[in-house]
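Before any comments, here is the structure.
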């Protein structure tokens with residue numbers, strides 16, 4: 001084999017190696033919100049938020065001790081009057097896929113429920129991208145059990161405001177394929193003993 005033939009052989013061998021498909025587990029990088037700026041949940045009880053939770057879920061006296069909540073104030077629509085993102089935790093509002101989250105908007109001395117979102121998991125990423133004037137919310141959908149593939153990994157979806165409300169069920173949305181950007185809220189919520197007990 002002369003020198004020219006040898007060089008051609010090496011070139012094609014290297015080129016073939018570059019195009020060998022790698023398994024997804026070796027090349028795919030899982031989205032990681034831990035590197036984004038984050039805001040811890042509020043720790044001061046908010047009676048107006050609690051009253052809204054109780055009225056919305058029709059909670060009778062005595063049921064409150066079984067529920068707790070986490071919240072952050074975030075200006076989602078750019079009007080400089082922050083909305084409230086509230087994660088409610090308890091047997092009444094949680095299932096295997098997640099818990100209930102309310103988006104509240106202040107109206108005079110009370111709150112109006114803009115959106116009621118089920119099966120939510122934390123953290124909630126408020127994206128800088130807006131749809132119909134409101135920030136998109138990036139949230140993680142829990143993995144599921146498949147008969148053929150075992151436990152499927154979780155994935156992120158984008159909740160986009162439709163002009164009236166955010167989607168009520170994240171599990172019905174397609175996988176979000178963009179880069180995770182924005183500010184993280186309610187990080188490490190739902191841990192035992194944390195949150196504010198609903199009174």
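Some points to look at:
- Count of region 75-110 residues which are in contact with a helix residue (DSSP H, G or I) (Cβ under 8 Å, 6 or more places away or on another chain), in a loop (DSSP other than H, G, I, E, B) and over 18 Å from residue 171 (Cβ atoms): 4
- Taken together, the criteria exclude residue 113 from residues that are in a strand (DSSP E or B), within 20 Å of residue 183 (Cα to Cα) and touching a helix residue (DSSP H, G or I) at 6+ places or on another chain (Cβ under 6 Å).
- Hits in region 77-87 (condition: crowded, with 22+ Cβ neighbours inside 10 Å and in contact (Cβ under 8 Å) with a residue 40 or more places away in the chain): 85, 87
- Check on residue 104, on the phi > 0 side of the Ramachandran plot and surrounded by 14 or more Cβ atoms within 10 Å (Cβ to Cβ): no
- The single residue among 149, 144 that is more than 13 Å from the chain's Cα centre (by Cα), surrounded by 13 or more Cβ atoms within 10 Å (Cβ to Cβ) and at pLDDT below 95 turns out to be 144.
- Restricting region 44-73 to residues that are exposed (fewer than 10 other Cβ atoms within 10 Å of the Cβ) and at pLDDT 80 or above leaves a set whose member that is nearest to residue 193 (Cα to Cα) is 44.
The values are calculated or read from the model by the stated rules, or taken from the named source; none is laboratory data. What you see is a predicted model, and the numbers here were worked out from it, not measured in a lab. Note: ideal-geometry Cβ built from the backbone for every residue, glycine included; neighbour counts use all protein chains shown.
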